[in-house]
Amino acid sequence: MNFEHEESKLDFVKHRKKFFLISGIFLLGGIILLATLGLNLGIDFRAGTTMDVLANETITTEEIQSHFEDAGYEPEDIRLAGEDSTTARAKFVGGLTQKETLELQGFFEDIYGNTPSVSTVTPMVGEELARNAIISVLIASVGIILYITVRFQFLYGLSAIIALFHDALFILVVFSMTQMEVNIPFIAAVLTIVGYSINDTIVTFDRIRENMSLEKRVKDFDDLARIVNKSLIQTLARSINTVLTVVFAAAALFVLGGEGLRTFSFALVVGLVAGTYSSLFIAAQVWLVLKSKQLKKQKQKKMELEPEG
Amino acid sequence: MVKRRKGVKKSLIAVFFAIVIGFGALIAWNALDQAEDISLGLDLQGGFEVLYEVTPVNGEDTEINRELLSDTVSALNARIDVLGVSEPSITIEGDDRVRVQLAGIEDQASARELLSTQARLSFRDINDELMMDGSDLVEGGARQNFTADTNEPVVQVTVEDANKFREITQDISNRPLGENLLVIWLDYEEGDSYATESMKPEEESKIISAPRVRKTIPSRDVEISGNFTVQSANELAGILNAGALPVELEEIDSTSVGASLGERAMEQAINAGIVGIALIFAYMLFYYRFMGGIAVLTLTAYIYVVLVIFNWLNAVLTLPGIAALILGVGMAVDANIITYERIKEELRSGKSAISAFKAGSRRSLSTILDANITTIIAASVMYVYGTSAVQGFAVMLIVSILTSFLTAVFGSRLLLGLWVNSRILNKKPRLFGVKERDINEL
């Protein structure tokens, strides 16, 4: 895979409107989905208790259900997990008290010899977490825009943040579509994606900046388009290789990492793909549009000034 | 004097092997020790974590302030000492919360009960009238003992004022039979009564014991007998010495992980990590050939250095932490990829291996710097605003990024530089993954 821009016939810029449209439709549909169907909020965001029961042999939901009934409890939902279905996750809405928890833990320890893991959350804590996560993303965005404005220019920062929100929204939409459970590790994943997305965008912007300084004159849209296209092709091998290697790691976590990391790694894989897509097709193209508008304005100003001067 | 300018400097290659073998030996000798020293989070070794909301004790109008929270933390610490947990973590969160993390504890049930009990001891008559309370006891005077006659475990406490105790026992011993009891309560609350509480089974009752007072006791030593074992008597003595909690604790969030589930989670995460890292190594070798080999060496060093730094920071490895470590490998790979792509580009433009290496390293540095700093900004915000699990992830991410900078930028440059400068790689673009026909003639 060598991407030499002279030989390559790839033209990212020509199709930018299509990409804007695709992303626009997807995200608009996604927002509607989020507003109607919403997210499958895990116990971390609602009042409730989850209990993971580990058995040493394959178990069925009926078996676990009857154990709970014997103990005098009725979980809202029981799901099996693990390779040979050796783990069951039971949910209780409203939550169990400390005493109930201890009783159930003792109960299952007697049956399977393992103490179940239990997590109980009140909605207050979950809400705080979500609020903190949103605050973190906003503060991080401001920090990143400031840094990019200092190191690059404001327009780069603005485009990077647009791509960033594209990616964050993208993950939310995918999670709304698949109705996978949203938990605390999911928030960590979204925050990581924020980091990666920016990282990816910066690498392409860095190349655009370099190529801009190599050009003697940048007058109009076509010049800009050529530079953007050239820069994207030059960084394409890096973008693809980096995302591939990180996807290897994330996919290995997804397949082999066990229940605890599943949501996290799935969000990562989705976010990484979205992040690469947005760096190539959204961030750079948004910058192109904004920059060409800026050039046009400067030209008009010059034209207005010239007859008088 | 004519020097053989195109000659190969074998000494540089010898230096390369010396560094690699030296570091390899260090890793082989020390890596397992480092890995064993890492303290595992409770999601990996089992244990529990409780977030308590601190409220004033019933009926009292105290304000929850920093001082009161610190008092609560020290009282909790003293109680955990009784349990003998190796590395407890008790932290104040927000304005009125305390988080307790006990990793690797076996008997979670009694630990949780022990923590949340207020340990307010009171002595009442059967009409629930307060006779004396914990403040009438000598501080630190509680201890486990055995009764002289039956050898049953008891808790012995000493009262401050012998006169007061004599008066109380005199009063009670003069009451009719059946009413001459001195009821000893733990955590008596408004509305509790001897009548209802004494009907409950022993484990649930707040009444520790209700000894009959037959005569006036002219001594300062009081024996509390109940249905104690040596251990439970020791625990109660410990609680009494640690002092009553000045507040009420309410569990608002709790996580407890069974030891075997934690162990399995760790095994799975580590297996996934090995597979993921192996895939990355294979891809780098396939795509970047010789430079990929250098990347594999620096990535191995990276994993080792992260472990060392992590130990050195006394950080606790959690499940998200392992994820961050594995992702950090991805970040370190990225720094390598950016540099190598640059070098390949320079080679294709017709530069020699030496100048392509120099230009490529120099030009890629600012890219890597900008990209990593923005990620560090995101990770720092996560650390400041996140709760424990997210914080663990953020710490690992920051450590990973800084380390990857060290190994992937400087380590990679040093090792590759030795080979390139030895001139052995001159005119061998295929080793860099560049085809001869792609090279532009200058």
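Structural remarks
- Screening A:V269 with (1) more than 8 Å from every other protein chain (Cβ to nearest Cβ); (2) surrounded by 24 or more Cβ atoms within 10 Å (Cβ to Cβ) gives one miss only, at (2).
- Some residue of segment A:77-85 being within 13 Å of another protein chain (Cβ to nearest Cβ) and either assigned to a helix (DSSP H, G or I) or at pLDDT 80 or above (or both): no
- Residue check: B:S355 meets all listed conditions (1) in contact (Cβ under 8 Å) with a residue 24 or more places away in the chain; (2) more than 12 Å from every other protein chain (Cβ to nearest Cβ) but one, namely (1).
- Among residues that are away from every other protein chain (no Cβ under 14 Å), touching a Leu at 6+ places or on another chain (Cβ under 6 Å) and part of a helix (DSSP H, G or I), A:L253 is not included.
- Scan of segment A:89-103 for residues that are part of a helix (DSSP H, G or I) and surrounded by fewer than 21 Cβ atoms within 10 Å (Cβ to Cβ), ordered by number: A:Q98, A:K99, A:E100, A:L102, A:E103
- Test: residue in segment A:120-139 that is surrounded by 18 or more Cβ atoms within 10 Å (Cβ to Cβ) and modelled with pLDDT of 80 or more: no
- Scanning segment A:17-73 for residues that are basic (K, R) and loosely packed, with under 15 Cβ neighbours inside 10 Å turns up A:K17, A:K18.
- Contacts under 6 angstrom Cβ, first residue in segment A:176-197 being more than 9 Å from chain B (Cβ to nearest Cβ), partner in a strand (DSSP E or B), 6 or more apart: A:Q179/A:N40; A:E181/A:N40; A:V182/A:L41
- Residue in segment A:199-209 that is part of a helix (DSSP H, G or I), more than 8 Å from chain B (Cβ to nearest Cβ), closer than 18 Å to A:Y156 by Cα and of a type in the set (F, W, Y) present: yes
- Residue within segment B:179-192 that is of a type in the set (S, T, N, Q) and surrounded by fewer than 18 Cβ atoms within 10 Å (Cβ to Cβ) present: no
- Residue in segment B:252-275 that is part of a helix (DSSP H, G or I), free of Cβ contacts under 8 Å to residues at least 60 places away in the same chain and away from chain A (no Cβ under 14 Å) present: no
- Filtering segment A:53-76 to residues that are of a type outside the set (D, E), within 14 Å of another protein chain (Cβ to nearest Cβ) and out of contact with any strand residue (DSSP E or B) (no Cβ under 9 Å at 6 or more places or on another chain) leaves only A:N56.
- Pairs where the first residue, in segment B:127-150, is surrounded by fewer than 12 Cβ atoms within 10 Å (Cβ to Cβ) and the second is of a type in the set (K, R), C-beta under 6 Å, 6+ apart: B:L130/B:R124
The values are calculated or read from the model by the stated rules, or taken from the named source; none is laboratory data. Note that the structure is a prediction, hence the values are computed from the model and not measured. With ideal geometry, Cβ positions are generated from the backbone for all residues, glycine too; neighbour counts draw on all protein chains shown.
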